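Working notes for the structure below.
Any read-out appearing in this document is the output of simple, stated calculations on the displayed coordinates, not a laboratory observation. Computed from a predicted structure; not experimentally measured. For neighbour counting, all protein chains shown are included, and Cβ atoms are generated from backbone atoms with ideal geometry for every residue, glycine included.
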Amino acid sequence: MSKKTAEVKAVSRKDMTRLQWTWKEMKRNKVAYLMIAPYFFIFALFTVVPVVVSIFVSFTDFDNLNPPGWVGIQNYVDLFFNDEIFLLSIKNTFVFAVIVGPVSYLLSFLVAWFINELSPKVRAIVTLIFYAPSISGQAYTIWGVLFGADSYGWVNATLLELGLIESEIAWFQDAAYVMPLCIVVALWTSLGTAFLSFIAGLQGVDRSLYEAGAVDGIRNRWQELWFITLPSMKPQLMFGAIMAITGSFGFGAVVTALCGFPSVSYAAHTIMHHLEDYGGQRYETGYSSAIAVILFLMMMGANYAVKKMISKVGS
Amino acid sequence: MKIRIARPKNFVFIKNYQEEEELMKTTKFHRLVALILAFTFVISGIVAASATDSVEKNHTVSDKVIADYDNLLYAGSYEEYLSSGAFKDAKRPQEGTEIVIDALKYEDGSTGVYVDETLGALYTEAQSEVTWKVNIEAAAKYAIVIDYYSVHTGKSTSIERSLYINGELPFKEALALSISKQWTAAYVEGEITLTKKLNANTIIAELEEAGMAPKLSENGKSISCVIPNVWNEKSAALVDKYDIRFFNTDNNGDEYRSSSTQMPTWDKYYVKDGSGYYNNYFEFLFKQGENTITLKGINEPMAIKKVTLYALKDHISYDEYIKQFEGIPEGKDKIKIEAEYAGFTSTNSVYPDEDRTSPVTSPVDVKHRLLNTIGGEKWATAGQWVQYSFEVGSSGMYDIVSRVRQNVLDGMYVCRALYVYSDGAAEGSLGYYNGIPFEECSRLRYNYNTKWQVTSLTDGTDNFLLYFEEGVKYTLRFEVVLGSMGDIVVKVQDILNTINADYLKIIKLTGTSPDSYTDYDFPRRMPEVLDSFKECSERLDEVSKELKKTAGSSSSNAATLDKVSDLLHTMAYKHRKVASKLDTLKSYMGTIGTFISDAQTQPLQMDYIIIQGESVKNPKANSNFFASLWHEISNFFMSFFRDYDTSNTESDGTQTNDSIEVWIATARDQYNVVRNLVTNDFRAIEENKNTNVNLKLVAGSTLLPSILANKGPDVFLGLDQATAINYAIRGAILPIEDMEGFDETVKSFNESAMITLQMDDKYGVKHTYGLPETQSFPMMFVRVDILSNLGIEIPKTWNDIYAAITDLQANNMQIGYTIDYKIFLYQMGGELFADNGMRINLDSKVGLEAFEKTCDFFTQYSFPYTYDAANRFRTGEMPIIISDYTTLYNTLKVFATEIDGSWTFMPLPGIEDAEGNINNCSVSTVMASVMVNGCKNKERAWDYMQWYTGAQTQASFANEMVAILGDSAKQPAANRGALELMTWSADELEEVKRQFDNLAAIPNYPGSYYIDRYTKFAFLEAYNNGANPVTSLQAYIDDINNEITRKRKEFELETLALNETLASKRLAQAQDELDKIGSAGNAHAALIQSTESAIARSNEKLLRASIADLKAADAALFAKVIGYLTDAADALATY
């Protein structure tokens, strides 16, 4: 539309600087700007500003209470050269993200795809069942009961009863089991918003495309999926991917709830935990901001990679 | 076919035997060192012990032995006493027989008593024992009444005594006789605001006539009057007509309760059951000839004038009672007494409270908080009473109508006993009363209903009338009793005790989780248990029938009893099912326990009492639908305008600049209590009169951002020690050691509590950053019934524990312990930090040993690492548990009522040295009140902090919490004085104080948080993988020290390099200085050389000698050297 009007007015864009042009456009569409203003204001104030501030803080020695002092890139230097636990937490985060991210993504999609075949009423019920773990807040604490370190913990009690173990195992307190268990729990809770958006996306695919596809020589369900279904729901795929990435990179609260903080021998210590450790326990907000910035960059990178991959869908 | 017994985790060791061997080599060396060290310890111990022998030896160790609990565990109940042959054969003496014993004629050998001249009575202290002799003509059963004076102590604990006849405890219930005190709420003058419609003179005349001492205010705008002591028709009507209220109001117009005060008075105590199981007074058997009566003090002092033995007389029935008044017309008066104006109460926990649920509650106001009812869940324990006094203007028969609500005990009813006392009627006359007028009054019944009800005196079937005579002052006392529930509860309790004993017998054989496929052969091995099950099952059936009969319908409670009965029946007749049903039995025992404690709570909320003729129509109990709807709607809208936060500005509204803002991060209950205390007590102190306290309830996490934004409070209550120091070191909390009277204030706290709130600044100056509110620490909880059963003595030392482990584990039982190595560390005389917090001390000999000992419990002795303490304690799997004293105590009080009386808690076991001294110190944590940076009025804030952490305030707070939440709301007060004033029983208090006197302090140095983290890692490595605890801990020492150093650098505090000690650092510095002196020191070459050799040998004694020599030689020249050397010598002394 803007192009058209520009031609009509016969004022070429080339006659103005970019800024002038933008301003002119803004004035023309002022109603639209007015309407997004409230949201934009709040978004900026509570999301953009904190992110920017956090980047600034990462170059200081801010301790939450005293005025911050500028330390340059010292925090980053410490992070990469003086902090073994940070490197450990990066490793853990990657293991986590690489396993949980894609698996949960695929799982979400597959489950959504299967459910989509069901009749609407059954679908609603099954959707609720799969979605329940992620909406019911602290439901993952059930894992704490199942794998309690007590001899009365369900798994321990069962294994003891069957004579498979001699004495109780402190599951979430044992470095050998912590990571695998947390991954299982993470997968269990991962059928969240992404999963719902997939269902919505699958619902939104234009049925006539399938007919057209059949005419054009689609031979099986896989081809149908690859050439029609997936391309038509790219926005949902993208959304799901971003949710999966942020979810798996930012996974921490569940581990804390199940394994305590920090987890035994840092076995499930993720970047998120490291950030909490410095920010919450040691009052080194500057340092923890630096960690946050790194985490932010990692997520950005992962998002970019995923975007690239998704653009390949259907080709 | 397997019986699981606890076994050490040796399978891990077998796997790792190669490693084990290597470890052995190192441990051999360790042992040698240990031997030498132990030897030196012993010697130094002897030296130290001989130096400090003034304190009573081991006064922090409990002196209780299992035998002390025999009475409690094995004495028969009153029920058994009643059914004993001797009791049945004995007769009551002739009616009217009274044997009076003058209290002053007590026997020699009584302790803790003296004659109080002013009272003309015998004063008996809380811990006292007094014996009287009495001659009985013929053996008979007597009841006992004691004329006593409840001495003022201000403690809300009731007086408790145990009674012995001829030196023997007659029955279990006589162990804890509870004798009530009298409390009164401080009502203020009521006020009538004059409007045009009201004529001051007529009102004054009216009030004058009613005897309410009216006074016109100076500005002539209002009339004030006093609350009548004795209500009559006129005063009651006037209060109703003019809405006169006798409570304080704040400047929002909300009423607040003034604190109750204890009124010492003469009263009679009829010896009866404290828990309310038995409705009748106790009767005791006396033999012919000389008998002795002994009263042993448990709690609180009292003065005794006389003890009277008398023949108990059964109450007459209502039919007999009413026969006396045939033909007497009904009374014409109508007196409505608001229940919130109780003349006296038996305890300060029964007090006026607000009800906003009904528009006809009298009075009602949606805009303001009115304390318009009394009781509720706080008026629920047997023996608690409230009383009202009144006078009627015309003699006659009266109906006593009250508006009450009992919406707690679903499907059950609650009971009250009504005592009537007359003052002014001749004994034997018609209007004379002294106690329960007729039998039915001992169990008046109030049914369950979610709504309010208006009811006459009733036993469920008939309504009762009472005769009152004109001009006589009558007092009605409503006392909580269990009524017919009492019988049932006694029986159920008895059955539960039996089942409990049987259960313990079984788990001794099978363990707590028996194998359901094993034939344990119960009929041969414990036939008595099966018989007992049979009997209990039958008895439960009977009780359940009785319960259904009394409650009128079958309730869930009766069903519970039926279920248990069925289960016992099955277990008794199918012995092979005993094992598999044991779990169910265990949980049912808990259910019965809950039933018992439920049945003992008899809550009732009362709105008003009306004394009127029978023919007068009762007021409506509830409003109609529309009125209720309107009430709810207006309530909802008014909730937007009511201010729930601020407090304390009194209605005179004088504004001062002395206002402080106080934040508290607790639940609303606690907040309300503190708020009440501020309004009632804080401002009552003269110098705080003008201080406005703005108390706010906040979430704990708001403090940090608010300080950052400079919008913080002046005082913050309830901050934990670690956070307090964390904030303090970053300048967010103000040091308070320079405030006026600091030294005096601190004396009331345990030194260890103060140490945790202290911190050196970078100049080495010590600051204090808060006053402790609570101090919690672990103590040892013991199931005395089980230990007594197994013949295990209460452990006093860890050696006793080691010995007990074998016995307990042989019976499938465990000991509950935490992985808190600090207890061992400090009991062995170690310290967590060395060199003023510059490095961790866990790599020292004592540190490693303490850690290893703790780990061994879990690795070698199979202590469970995770467990539900309350549950395992209750089932008897863990008869000994070491746990935080208030937390576990509170849980057990609500959660495990069925084992009440069979457990106790006491100081930790300790480590005994060669001299027999036991160090049983415990490690505490503290919550504190702090003064926040930015505080505008430090003096006022300091006054507030002093007042708040003071003994009286903390005790009031703790007692209020107990009053509101029950016995399970014990606070771990940090103020020693407050501990004494709290509602602990004397025995409990004694144990708490013992431990309180031996607490270790761990300072909060920067980097502390890292220690717990890594010691836990080390522990888990040992626990999970069988690693050697010592080596795994040693691996983390450097990490911890690095973090400490890193943190100290952040705060510009002195640091040490890795593997450096303060001594070695100072010695190096001294050497440097010596080198620098160079030629200037030529004159002292020999001295320097000897100093250098002392430095090289880093021997404290040599260093001290050198220091002395250097000082003598040239103090100025060697100033720096001397400084360093002194530091080094001091540091060496601590290693």
(message) What do you get for GluC sites (Glu not before Pro) in segment B:54-98 restricted to DSSP loop and a cutoff of at most 14 other Cβ within 10 Å of the site's Cβ?
(response) B:Glu56, B:Glu95
(message) Please compute the length gained on full extension between B:Ala139 and B:Asp314, using 0.36 nm multiplied by the number of residues separating them and subtracting their Cα-Cα distance.
(response) 61.0 nm
(message) Let me spell out the model: positive unit charges on the Cβ of Lys and Arg, negative unit charges on the Cβ of Asp and Glu, origin at the Cα centre of segment B:859-992. What dipole size does that give, in debye rounded to 20?
(response) 700
(request) Run through all the Cα pairs of segment B:283-392 and give the fraction in each 10 Å bin from 0, expressed as whole percent. (result) 9, 21, 26, 25, 15, 4, 1
(message) Using Cα-Cα distances under 8 Å and only pairs 6 or more residues apart, what relative contact order does chain B have, in percent?
(response) 12
(message) Using only the alpha carbons of segment B:517-562, what is the convex hull's orientation-averaged projected area in square nanometres?
(response) 4.1
(message) Give me the tail of P(r) for segment B:361-453 as a percent: Cα-Cα pairs with distance above 23 Å.
(response) 39
(message) If each DSSP helix of 4+ residues adds -39,500 (n - 2.57) and the sum is divided by the residues in chain B, what number results at 222 nm, nearest 500 deg cm²/dmol?
(response) -12000 deg cm²/dmol
(request) Return A:Asp78, B:Asp462, B:Asp399 ranked ascending by Cβ neighbour count within 10 Å, so the fewest neighbours appear first. (result) B:Asp462, A:Asp78, B:Asp399
(message) Test of the criteria: in segment A:214-315, which trypsin sites (Lys or Arg not before Pro) are in a DSSP loop and have at most 13 other Cβ atoms within 10 angstrom of their Cβ?
(response) A:Arg219, A:Lys312
(request) Report the paramagnetic label zone for B:Val765: residues of segment B:707-748 whose backbone N is under 18 Å from a point 7 Å from Cα along the Cα-to-Cβ axis. (result) B:728-743
(message) Relative contact order of segment B:331-483, please, whole-number percent, based on alpha carbon pairs below 8 angstrom and at least 6 residues apart.
(response) 30
(request) Can you tell me what the convex hull of the Cα atoms of segment B:497-540 projects to on average, as an area in nm²? (result) 3.2
(request) Return the FRET efficiency for the residue pair A:Ala139, B:Ser217: r is the Cβ-Cβ distance, R0 is 60 Å, and the value is rounded to the nearest 0.05. (result) 0.40
(request) Report Rg (one decimal) and Dmax (nearest whole number) for segment B:481-619, counting Cα atoms only, units Å. (result) 19.9, 72
(request) For every helix of n ≥ 4 consecutive DSSP H residues, a contribution of -39,500 (n - 2.57) applies; sum these over chain A, divide by its total residues, and give [θ] at 222 nm rounded to the nearest 500 deg cm²/dmol. (result) -21000 deg cm²/dmol
(request) Relative to the longest principal axis of the C-alpha atoms of chain B, give the angle of the C-alpha long axis of helix B:845-859, reported between 0 and 90° and rounded to the nearest 10°. (result) 50
(message) Under the 0.36 nm per residue contour assumption, what length would be gained going from the current alpha-carbon distance of B:Leu1117 and B:Lys711 to full extension?
(response) 140.9 nm
(request) Identify the chymotrypsin sites (Phe, Trp or Tyr not before Pro) of segment B:914-966 meeting these criteria: DSSP loop state and at most 15 other C-beta atoms within 10 Å of the C-beta. (result) none
(request) Could you tell me what % of all Cα pairs in segment B:1019-1089 have separations over 19 Å? (result) 60
(message) Given chain B, report the % of alpha carbon pairs whose separation exceeds 57 Å.
(response) 26
(message) Counting only Cα atoms, I'd like the Rg/Rh figure for segment B:224-329, Kirkwood definition for Rh.
(response) 1.11
(message) Please arrange B:Lys241, B:Lys172, B:Lys893 by how many other C-beta atoms lie within 10 Å of their C-beta, fewest to most.
(response) B:Lys241, B:Lys893, B:Lys172
(message) Could you tell me the calculated FRET efficiency between B:Glu528 and A:Glu161, based on Cβ-Cβ distance and R0 = 30 angstrom, to the nearest 0.05?
(response) 0.50
(request) Would you kindly state how much longer the chain becomes between B:Asp1130 and B:Thr195 on full extension, computed as 0.36 nm times their sequence separation minus their alpha carbon distance, in nm to one decimal? (result) 328.6 nm
(request) Give me the distance between the Cα centres of segment B:542-616 and segment A:100-161, rounded to whole Å. (result) 40
(request) Measure up B:Lys696/B:Lys970; B:Lys491/B:Lys993; A:Lys30/B:Lys711; B:Lys172/B:Lys505 against 29 Å on the Cα-Cα distance and list the ones that go over. (result) B:Lys491/B:Lys993; A:Lys30/B:Lys711
(request) Would you kindly work out the equivalent ellipsoid of segment A:168-249 from its C-alpha gyration tensor and give its semi-axes, the square roots of five times the eigenvalues, largest first in whole Å? (result) 39, 14, 9
(request) Would you mind giving the average projected area, over all directions, of the Cα convex hull of chain A in nm² with one decimal? (result) 25.2
(message) Tell me the angle of helix B:938-949 to the major Cα principal axis of chain B, expressed in degrees between 0 and 90 and rounded to the nearest ten.
(response) 70
(request) Report the calculated FRET efficiency for B:Glu377 and A:Ala132 (r = Cβ-Cβ distance, R0 = 41 Å), to the nearest 0.05. (result) 0.65
(request) Please list B:116-123, B:1066-1073 highest first by mean number of surrounding beta-carbon atoms within 10 Å per residue. (result) B:1066-1073, B:116-123
(message) Suppose each label sits 7 Å from its Cα in the direction of the beta carbon; what would the B:Arg642-B:Asp800 distance come out to in nanometres?
(response) 5.3
(message) Can you find, among B:Gln995, B:Ser513, B:Thr1055, the residue sitting farthest towards the positive end of the charge dipole of chain B, where Lys and Arg contribute +1 and Asp and Glu -1 at Cβ?
(response) B:Ser513
(message) Taking the Kirkwood radius as the inverse of the mean 1/r across Cα pairs, report the Rg/Rh of segment B:940-1000.
(response) 1.01
(message) Based on the alpha-carbon set only, what is the convex hull volume of the protein assembly as shown divided per residue, in Å³?
(response) 292
(message) Helix B:951-965 against the longest principal axis of chain B: what's the angle in degrees, Cα atoms only, rounded to the nearest 10?
(response) 60
(request) Please compute the net charge surrounding B:Gly289, taking Lys and Arg as +1 and Asp and Glu as -1 over other residues with Cβ under 11 Å from its Cβ. (result) 0
(message) Can you list residues from other chains, or at least 5 along the same chain, whose modelled amide H is less than 5 Å from the amide H of A:Thr60?
(response) A:Val71
(request) Taking amide H positions as placed in the peptide plane 1.01 Å from N, state which residues far from B:Thr381 in sequence (5 or more) or on other chains have amide H under 5 Å from it. (result) B:Gln602
(message) Just want the ordering: B:Met878, B:Met961, from fewest to most Cβ atoms lying within 10 Å of their own Cβ.
(response) B:Met961, B:Met878
(message) Quick check on segment B:993-1049: take the gyration tensor over C-alpha atoms, sort the square-rooted eigenvalues as a ≥ b ≥ c, and tell me if it's rounded (a/c under 1.5), prolate or oblate.
(response) oblate
(message) Tell me the relative contact order for chain A as a rounded percent, counting alpha carbon contacts under 8 Å between residues six or more apart.
(response) 26
(message) Rounded to the nearest angstrom and ordered from largest down, what semi-axes does the equivalent ellipsoid of segment A:146-284 get from its C-alpha gyration tensor (root of 5λ)?
(response) 43, 22, 10
